[in-house]
Amino acid sequence: MAEQKSFSSSLGAIMAAVGSAVGLGNIWRFPYICGKYGGGAFILVYLCFVFLLGSVLMMSELVIGRRTQHTPIKAFHHLAPKHKAWGLVGLMGLVTSFFILSQYLVLSGWTTNYIWDSLTGTLASLGTDAGRISDHFSTFSTSGLRPIVFLVVFSLLGLVIILGGVQKGIENVSKVLMPVLVVLVLVLCVRSLTLPGAIEGVKYLFKPDFSLLTGEGILAALGQALFSLSVGMGVMIVYGSYIPTDDRLFKTAMWITASDTLIAILAGVAIFPAVFSCGFDPAGGPGLVYCVLPNVFNTMGGAGVVFSSIFFVLLMVAALTSAISLLEALTATIQAHTGMKRTWGAVVFFALTTLFGVLFSLSIGPLSHVKIAGNTLFDFVDKLNSIYLPPLSALGTIIFFGWFMKEDDIKDELSNHGTVSIGYYQLFRFLARYVAPIALVVVLVSGILG
Ligand code: TRP
């Protein structure tokens with residue numbers, strides 16, 4: 001039986017897309033960069049970017065996907081049949097997806113290992129000695145084999161879901177895991193907010209301190225807004241092609257944007273009050289979740305094991321639903337271009353991204369002497385994934401959408417063939433044509449110069 005390549009309902013589509021958007025970026029990255037650039041002030045700027053730019057990019061990808069019912073490269077070919085070069089934008093998005101997934105697998109593997117370490121009491125046995133906790137992290141992450149084992153376990157889990165198909169795999173899993181994720185983050189918020197001195201963390205998160213918000217912080221907010229919404233990689237083009245035709249894309253995009261943002265902020269609420277209560281530095285950087293939080297949990301005595309397990313499960317759930325969207329985009333594309341069976345397409349990209357993931361993982365330990373342009377492989381791919389590729393392919397997409405795609409097609413798709421009103425259209429069009437491209441050029445240039 002031919003499998004159904006669409007989501008069964010608007011709710012299913014929203015859950016799957018929120019699953020893609022909510023990832024390590026929300027729970028691991030957002031809180032630490034928010035900590036670095038002034039808490040509340042950063043959040044205000046972030047909110048502007050996410051709603052004015054992120055959601056515009058999100059909508060444009062969903063429109064392209066649903067209009068054409070194609071995977072990224074073919075979608076651009078379909079819309080611009082005489083200018084095949086636009087297909088390169090789709091290709092670039094897929095290359096970006098490939099590298100993001102490979103790198104994501106490394107971090108997700110760490111998270112899976114930390115669930116294990118929480119459940120087996122290994123983390124708890126480290127006590128509240130910050131030195132021992134960060135040694136544990138560096139010994140583990142550089143150890144070679146162990147991170148790879150957990151990386152492969154995580155990657156296999158993603159493969160199994162993709163093999164289940166669009167509805168039975170992605171949609172059903174997202175419909176279960178997204179509510180679970182919300183419950184987990186809320187449990188952690190309650191725990192964090194009821195600790196002594198928690199209010200300091202709340203103040204820190206919500207009271208704007210504009211003196212900490214540098215130009216660098218504003219750019220970080222913009223980059224994070226795009227990364228967090230998973231835009232600029234064609235993944236939302238693929239998911240857009242699965243969205244039911246009577247769905248209102250504006251509403252869907254707003255739900256995705258709002259949920260993604262809310263969960264990032266809740267992750268901050270789950271983390272900062274606890275960090276303050278235990279007297280740690282909120283600007284702990286990337287080590288915030290692997291080095292500072294275990295210490296926070298260990299100060300909670302026996303219950304710490306429970307909260308630490310909950311936290312790392314939360315992180316893994318978030319990572320898993322993002323990883324599957326990346327694998328899906330790659331799988332659907334190779335399927336569309338080669339006629340290969342879905343199963344084989346998924347296996348091919350599972351194998352390739354896992355292989356690259358293993359290389360990136362090893363480059364943190366045993367292969368750290370291998371350098372590209374002075375960077376380890378992991379740092380190199382991290383730069384590609386944060387500074388170069390996503391803004392570049394997002395820029396290509398939005399220029400195409402704003403300046404080359406037929407306006408009638410866009411309006412027809414947004415209005416469901418004229419059946420729903422699109423009062424927001426003029427503002428949306430202005431943002432898509434002028435504001436978003438300029439913002440992306442600024443991000444790109446400053447990333448390259450900085
Ligand atoms: N949005 C994801 C996160 O916040 C990361 C991400 C970026 C992503 N681009 C993506 C996930 C594309 C899936 C697809 O962690």
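The values are calculated or read from the model by the stated rules, or taken from the named source; none is laboratory data. Quick caveat, the model's predicted, so the values are computed rather than measured. No Cβ is skipped: glycine too gets one built from the backbone with ideal geometry, and neighbour counts run over all protein chains shown. Keep in mind that these areas ignore ligands, DNA and RNA; they rest on the heavy atoms of the full protein, side chains included. Shrake-Rupley method; radii C 1.70, N 1.55, O 1.52, S 1.80 Å.
Compute the distance from the alpha-carbon center of region 258-273 to that of region 69-135, in whole Å.
20
Tell me, what is the percent relative contact order of the chain, built from C-alpha pairs under 8 Å that lie six or more residues apart? Kindly include the intermediate steps, with their values, before the conclusion.
Details: 726 pairs, mean separation 152.3, N = 450.
After rounding, I find 34 percent.
Counting only other residues whose beta carbon sits under 13 Å from that of TYR37, what net charge do I get with K and R as +1, D and E as -1? Display every interim value, and only then the final one.
Working: positive: ARG29, LYS36; negative: ASP209, GLU216.
Once positives and negatives cancel, what remains is 0.
Could you tell me which of LEU151, VAL187, MET92 has its Cα farthest along the dipole of region 65-208 towards the positive end, charges placed at Cβ (Lys, Arg +1; Asp, Glu -1), taken about the Cα centre?
Selected residue: MET92.
Stretched out fully, how many nm does the piece from VAL176 to THR214 gain, at 0.36 nm a residue minus the Cα gap? Write down the numbers at each step before the final one.
On the way: separation 38, 0.36 × 38 = 13.68 nm, distance 3.97 nm.
Contour length minus the Cα-Cα distance gives 9.7 nm.
Could you work out the Kirkwood radius for region 226-318, taking every pair of different alpha carbons, averaging 1/r and inverting it, reported in Å?
15.7
Rounded if a/c is under 1.5, else prolate if a/b is larger than b/c, else oblate: which is region 313-450, with a ≥ b ≥ c the root eigenvalues of its Cα gyration tensor? Could the numbers behind the result be given before it?
Details: a/c = 2.51, a/b = 1.48, b/c = 1.69.
Note, shape of region 313-450 comes out oblate.
Over region 247-368, with every protein chain in place, what whole percent of the accessible area is carbon and sulfur at 1.4 Å, could you tell me?
Working: 2830 of 3820 Å².
Heavy-atom surface of region 247-368 belonging to carbon and sulfur, 1.4 Å probe: 74 percent.
Given Cα pairs under 8 Å that are at least 6 residues apart, what percent is the relative contact order of region 70-139? Kindly include the intermediate steps, with their values, before the conclusion.
Values: 32 pairs, mean separation 12.1, N = 70.
Dividing the mean separation by the residue count of region 70-139 yields 17 percent.
Round to the nearest 0.05 the FRET efficiency obtained for LYS411 and LYS84 when R0 = 25 Å and r is the Cβ-Cβ distance. Can you show the working numbers first?
Details: r = 25 Å, r/R0 = 1.01.
That gives a FRET efficiency of 0.50.
With a 1.4 Å probe and all protein chains left in place, how much accessible area per residue does region 269-420 have, in Å²?
Details: 5520 Å² over 152 residues.
For region 269-420, the per-residue accessible area is 36 Å².
For region 287-351 and region 411-436, write down the distance between their C-alpha centroids in whole Å.
Cα centroid of region 287-351 versus Cα centroid of region 411-436: 34 Å apart.
On a 0 to 90° scale, report how tilted helix 436-449 is relative to the longest principal axis of the chain, with both axes built from alpha carbons and the result rounded to the nearest 10.
The two axes meet at around 50 degrees.
Going by a ≥ b ≥ c, the root eigenvalues of the Cα gyration tensor, does region 129-258 fall in the rounded group (a/c under 1.5), the prolate group (a/b larger than b/c) or the oblate group? All intermediate terms of the calculation are to be shown ahead of the outcome.
On the way: a/c = 1.72, a/b = 1.20, b/c = 1.44.
Because a/c hits 1.5 or more and a/b fails to exceed b/c, region 129-258 counts as oblate.
Please list, short to long, the whole-number percent of alpha-carbon pairs of region 1-114 in consecutive 10 angstrom bins beginning at zero.
11, 29, 36, 20, 4, 0
Provide the net charge surrounding LEU414, with neighbours chosen by a C-beta distance below 14 Å and charges set as Lys +1, Arg +1, Asp -1, Glu -1. Could the numbers behind the result be given before it?
Values: positive: ARG66, ARG67, ARG248, LYS251, LYS406, LYS411, ARG429; negative: GLU61, ASP246, ASP247, GLU407, ASP408, ASP409, ASP412, GLU413.
Net charge around LEU414: -1.
Where Lys and Arg each count +1 and Asp and Glu each count -1, what net charge lies around TYR204 among other residues with Cβ under 14 Å from its Cβ?
On the way: positive: LYS36, LYS203, LYS207; negative: GLU200, ASP209, ASP281.
With Lys, Arg at +1 and Asp, Glu at -1, the neighbours total 0.
Taking the convex hull of the Cα atoms, report for the chain its projected area averaged over all directions, in nm².
Numbers: hull surface 82.7 nm².
So the mean shadow area of the Cα hull is 20.7 nm².
Report the label-to-label distance for SER10 and VAL149 in nanometres (one decimal), using points 7 Å from each Cα along the Cα→Cβ vector.
Taking the simple label geometry, SER10 and VAL149 are separated by 4.8 nm.
Which FRET efficiency value, to the nearest 0.05, do you get for TYR424 and LEU44 by plugging their Cβ-Cβ distance into 1/(1 + (r/R0)^6) with R0 = 25 Å? Display every interim value, and only then the final one.
Details: r = 22 Å, r/R0 = 0.88.
About 0.70, to the nearest 0.05.
When the helices in the chain are scored as -39500 (n - 2.57) per DSSP H run of 4 or longer and the sum is shared across all residues, what 222 nm value do you end up with, to the nearest 500 deg cm²/dmol? Show your work: numbers first, answer last.
On the way: 21 runs with 306 residues, N = 450.
The helix-only estimate for the chain comes to -22000 deg cm²/dmol at 222 nm.
Say a paramagnetic label sat at a point 7 Å from the Cα of PHE51, along Cα to Cβ; which residues of region 213-254 have their backbone N under 13 Å from it?
Under cut-off, by backbone N: 254.
Compute the angle between helix 145-163 and the longest alpha-carbon principal axis of the chain, please, reported from 0 to 90 degrees and rounded to the nearest 10.
40
On a 0 to 90 degree scale, rounded to 10, what angle separates helix 130-141 from the longest Cα axis of the chain?
50
Please give, to one decimal in nm, the separation of the simple spin-label points placed at ILE448 and THR299, each 7 Å out from Cα toward the Cβ.
4.5
List the equivalent ellipsoid semi-axes of region 53-196 in whole Å, largest first, each obtained as the square root of 5λ for an eigenvalue λ of the Cα gyration tensor.
39, 20, 16
Output the Kirkwood hydrodynamic radius of region 318-378, Cα pairs only, in Å rounded to one decimal.
Values: mean 1/r = 0.0768 Å⁻¹.
Across region 318-378, the inverse of the average 1/r is 13.0 Å.
Just to be sure I understand the model, the point goes 7 Å from the Cα along the line to the Cβ. What's the resulting HIS369 to VAL441 distance in nm?
About 4.6 nm, to one decimal.
Just check region 275-389 against the gyration tensor rule for me: Cα atoms, a ≥ b ≥ c as the square roots of the eigenvalues, rounded for a/c under 1.5, and otherwise prolate or oblate depending on whether a/b exceeds b/c.
Details: a/c = 2.78, a/b = 1.61, b/c = 1.73.
Oblate.
Work out, step by step, the length gained on full extension between LEU163 and ALA258: first 0.36 nm times the residue separation, then minus their alpha carbon distance; give nm to one decimal. Write down the numbers at each step before the final one.
Details: separation 95, 0.36 × 95 = 34.20 nm, distance 2.96 nm.
Gain in length upon complete extension: 31.2 nm.
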